[in-house]
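Structure first, commentary second.
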Amino acid sequence: MFRPFSSGVRPGWASICGALVPPLALFGVVAAHDNAIMNQLSDELMAWYQKFPFPEYQPGGMNLPQVSIDSSLCHVSVTKWMKEAGVARGSDERKHRCGGLTADTVMKSVQMLNEMADKGTFEATTKAAPIVATCMGCHSTAVEPLTHGKENCMSCHGSKLINLEDCQTHGHLL
Ligand code: HEC
Ligand code: HEC
């Protein structure tokens with residue numbers, strides 16, 4: 001049986017947000033003739049996703065908080081939003097949020113593809129978080145340890161994360 005694309009193909013792992021996978025795959029088909037255009041489309045969608053205060057589309061009329069997440073990871077996206085909204089994972093609010101987010105992402109992808117169809121090319125205008133250029137100025141090729149990526153480095157390397165070593169409840173687990 002056909003497995004629903006895309007959260008169905010990575011059950012419960014909460015890695016890349018499932019709303020991003022189908023459009024990214026589609027760009028690979030629609031712009032297969034030109035790698036540069038394909039990359040511009042993907043760069044635009046990924047950078048836009050980091051910043052956009054989801055969900056804009058809210059047909060349920062729940063007046064859900066719109067929160068910009070700064071990560072393309074499902075785990076970060078859903079969890080940060082639930083904290084902000086003060087709701088649980090099984091709640092209708094959370095379901096409507098992810099549904100609205102998916103609609104917003106489809107809308108953005110279609111607008112981008114329309115622009116590409118009209119102009120015959122596509123240029124990304126949304127940029128990764130500025131800190132990425134700062135960090136990668138050293139860590140992409142110049143200074144060891146080398147790494148790669150365009151996600152906001154601070155969402156993982158920043159100081160606001162829970163440090164288990166400093167946590168009374170969890171320190172003994174390490
Ligand atoms: C001016 C160059 C420079 C910039 C800019 C820079 N780093 Fe580094 N980074 C280094 C050097 C040199 C090391 C290795 C020596 C050390 O560990 O201090 C390092 C080590 C690291 C390490 C491994 C060691 C550790 O401390 O955990 C991480 C992770 C890291 N950098 C992340 C970042 C992030 C995230 C940014 C952007 C906020 C950044 N770096 C910006 C030069 C830089
Ligand atoms: C989703 C979380 C996440 C994001 C986003 C992220 N990192 Fe990391 N990074 C990690 C983890 C986890 C490691 C492995 C740390 C370890 O093993 O100590 C790592 C390792 C590194 C290392 C090597 C550290 C070493 O000791 O060798 C560097 C350098 C680094 N990251 C820089 C960056 C930069 C620059 C960015 C932004 C472009 C970035 N990271 C974004 C989670 C992240």
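The values are calculated or read from the model by the stated rules, or taken from the named source; none is laboratory data. These numbers come from a predicted model, not from an experiment. We place every Cβ from the backbone using ideal geometry, glycine too, and count neighbours over all the protein chains shown.
General remarks:
- Test: residue in the stretch 86-95 that is away from ligand 2 (no atom under 16 Å from the Cβ), of a type in the set (A, V, I, L, M), at pLDDT 95 or above and within 21 Å of TYR57 (Cα to Cα): yes
- If you go through the stretch 148-163 and keep only what is surrounded by 12 or more Cβ atoms within 10 Å (Cβ to Cβ) and either assigned by TED's automatic domain parsing to the domain that holds LYS51 or free of Cβ contacts under 8 Å to residues at least 12 places away in the same chain (or both), you end up with just CYS156.
- CYS98 vs. criteria part of a helix (DSSP H, G or I), within 16 Å of ligand 1 (Cβ to nearest atom) and not aromatic (Phe, Trp, Tyr): no
- Test result for SER109, closer than 26 Å to PRO55 by Cα, in the same structural domain as ASP43 (by TED's automatic domain parsing) and within 16 Å of ligand 2 (Cβ to nearest atom): no
- Residues of the stretch 65-95 that are under 12 Å from the mean Cα position of the chain (by Cα), in a loop (DSSP other than H, G, I, E, B) and small (Gly, Ala, Ser): SER68, SER71, SER72.
Table: residues versus (1) more than 30 Å from ASN35 (Cα to Cα); (2) surrounded by 11 or more Cβ atoms within 10 Å (Cβ to Cβ).
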position: GLN66; (1), (2): yes, yes
position: ILE69; (1), (2): no, yes
position: VAL76; (1), (2): no, yes
position: GLY99; (1), (2): yes, yes
position: MET116; (1), (2): no, yes
position: PRO130; (1), (2): no, no
position: LEU146; (1), (2): no, yes
position: HIS170; (1), (2): yes, yes
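- Residue check, SER109 within 17 Å of LYS150 (Cα to Cα) and not acidic (Asp, Glu): no
- Which numbered condition MET107 misses (of (1) closer than 18 Å to LEU20 by Cα; (2) in contact with an Asp or Glu (Cβ under 8 Å, 6 or more places away or on another chain)): (2)
- Verdict on ASN114 being in a helix (DSSP H, G or I), within 26 Å of PRO23 (Cβ to Cβ) and of a type in the set (S, T, N, Q): yes
- Single residue of the stretch 141-163 satisfying the filter (of a type in the set (Gly, Ala, Ser), more than 8 Å from ligand 2 (Cβ to nearest atom) and under 23 Å from the mean Cα position of the chain (by Cα)) that is modelled with the highest pLDDT: GLY158
- Of the residues examined, ALA124 is not one that is closer than 29 Å to CYS153 by Cβ, in contact with a strand residue (DSSP E or B) (Cβ under 8 Å, 6 or more places away or on another chain) and modelled with pLDDT of 95 or more.
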